[in-house]
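The values are calculated or read from the model by the stated rules, or taken from the named source; none is laboratory data. Since we're looking at a predicted model, the values are computed, not measured. Reconstructed Cβ throughout: ideal geometry from the backbone, glycine too, with neighbour counts over all protein chains shown. Surface accessibility is based on the protein's heavy atoms, side chains included, excluding ligands, DNA and RNA. Shrake-Rupley method; radii C 1.70, N 1.55, O 1.52, S 1.80 Å.
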Amino acid sequence: MQFVFDHTSGIAPRDVMERAQSLDAYRSIVNDALNSATYDAPESSVRLPFDLERAEVIVKMTEQLHDDALRYVVVVGIGGSNLGTRAIYEALRGPLDLLDVRTPKLLFLDTVNPELCGGILRILSDLDGPEQFIVLSVSKSGGTAETIVNTEALLTGLAPRFGDIHHRLVVVTDRGSKLWSAAASPSHRLAIPERVGGRYSVLSAVGIFPLHLAGLDVSALHAGARDMANACVADPPSNPALQSASLTYLHYQRGLRTHNSFLFHPSLASLGLWYRQLMGESIGKEHDLDGAIVREGIVPIVSIGSTDLHSMAQLFYGGPQEVFTNIIIAPFRESITLPPTLQFPNLVANIEGKSYEDIMDAIIHGVAETYVDAGLPFATVALDAVSEYELGAYLQFRMIEMMYLAQLLHVNAFDQPAVEAYKKATKFLLAQ
Ligand code: PA5
């Protein structure tokens, strides 16, 4: 993965480096968290891919529960408890996964929606036996209403067909939470390290357990995240997270309050949504680290290329100039080439013999040129492949970037007091 910023980024590289250097002290805090043997620091999610012992426990448990007959793993969780897993799974399995014969498949159940939950109940009820599915309930707190409601609905909804399926439930949660004690046995639960928050937890059991069950290469995911973590504690000239955080911060200071992840690969749409949550919850804060009211926040939006050129480009080019864009590119995993002689040769010129990659390249370069001509700033993130390794690197890059950005904004990257407020209010209303 490469993070590229230059004259097209709208801020002089010298200013970006200067800002990055101002984070030297915090960079060594992140470095300490990475090299620590414990999960005591708020930044300790950075060491998850280095914790081979923990990874081995997760993989072993996956193997114990895996059965050749397994067809579906229902990931029940919301926000940080499902977005990262979903991002990786959808990036690697592509948009037509549900129509593909490959199993096991992950199915995601997040909000409270009877059509979605009912649909999953019907799919599971059609199976031959409970060995063909696992219900995975993921909740750091172990008490999020949506997750507990959906877990209950699945277990009770499947009972008439399969009887007691408690042993098909696995929980990933904080050790000692209420959900922790709901597991049928110790081999049906996995802990999230206490200081690792939801939106920083994708490289823990939260993501690793279901992704490994689905047959994805989680050791490559961790390897990519490890290499990137090392790069993201390096000196500013070779540190993509520091550079990106500094650039985003400087644009925010100049009034660019929207951050657009423009992903030129439809399979990466959920990766954009994962980042949206990471930025929304980490940076959107009423108070700063000293308790003063600041109301900081950058609005993260997600656009898909080239689809959204036909939806949002008019706004980006013609509307208010307050968006800082990251163009995110990755090679396609398959190849299609048009024949040298077309059936309809007069409709679009010069496409004969061209591959989808050639055409998307022309679109991406066209977009970049138009951004430059319009004076709209952007940086580019180029993935070398849509692979476990590169996705691990990307996730780690963004999580560490967010820690640096929060530090520049002097806000807490790790709490979400406003989310807690809605959860409390919901529970209060349910009690009445
Ligand atoms: O990132 C976060 O901390 C939140 O988005 C949580 O993941 C989300 O609110 C779900 O909480 P929990 O994992 O406790 O069920």
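General remarks:
- Region 273-385, relative contact order in percent, only Cα pairs under 8 angstrom and at least six apart counted: 26 percent
- Carbon + sulfur, % of accessible area of the chain - ligands and nucleic acids excluded, 1.4 Å: 54 percent
- C-alpha center-to-center spacing [region 198-238, region 322-398] in angstrom: 25 Å
- Debye log10 I(q)/I(0) at q = 0.20 Å⁻¹ for region 343-415, Cα point scatterers: -1.02
- Considering all different alpha carbon pairs of region 32-117, the Kirkwood hydrodynamic radius works out to 15.5 Å.
- Unit charges on C-beta of K, R, D, E only; dipole of region 47-175, Debye: 200 debye
- Projected label distance in nm at Glu152 and Val348, using a 7 Å step from Cα toward the beta-carbon: 5.1 nm
- √(5λ) per eigenvalue of the Cα gyration tensor, the chain, largest first, Å: 36, 29, 20
- For region 175-219, Kirkwood radius (reciprocal of mean inverse C-alpha pair distance, Å): 11.6 Å
- Calculated mean residue ellipticity at 222 nm for the chain: -14000 deg cm²/dmol, from DSSP H runs with n ≥ 4 weighted as -39500 (n - 2.57), summed, divided by the residue count and rounded to 500.
- Cross-link pairs exceeding 22 Å between alpha carbons, from the set Lys140/Lys427; Lys105/Lys424; Lys60/Lys105: Lys105/Lys424.
- Tail weight of P(r) past 16 Å, computed on alpha-carbon pairs of region 155-250, percent: 70 percent
- Simple label model, 7 Å out from Cα along Cβ direction - Val4 to Ala223, nm: 2.5 nm
- GNM flexibility winner over the chain from Ala55, Ala159, Ala145 (Cα, springs under 10 Å): Ala159
- Total formal charge among the other residues, if their Cβ is under 14 angstrom from that of His167, Lys/Arg +1 and Asp/Glu -1: -1
- Rounded FRET efficiency, nearest 0.05, which uses the C-beta distance separating Ser22 from Asp100 and R0 of 56 Å: 0.70
- Cα radius of gyration and Dmax for region 260-331 (Å): 14.4, 45
- Isotropic mean projected area of the C-alpha convex hull, region 92-172 (nm²): 5.9 nm²
- In region 224-270, the convex hull through the Cα atoms has an average projected area of 4.6 nm², a quarter of its surface area.
- Calculated on the Cα set of region 217-362, radius of gyration then Dmax: 19.7, 67 Å.
- Converting phi to 3J(HN,Hα) with the Karplus coefficients 6.51, -1.76 and 1.60 and the offset θ = phi - 60°, region 281-287 yields 7, 7, 9, x, 9, 6, 10 Hz in sequence order, with x at every glycine or proline.
- Along the chain, longest interval not containing exposed GluC sites (Glu not before Pro), exposed being DSSP loop plus at most 16 other Cβ atoms within 10 Å: 1-193
- Residues Asp373 and Thr38, FRET efficiency given R0 of 51 Å [Cβ-Cβ distance, rounded to 0.05]: 0.50
- Dipole orientation for the chain: of the candidates Ala182, Ser139, His265, Ala182 has the Cα lying most toward the positive pole (charges on Cβ; Lys, Arg +1; Asp, Glu -1).
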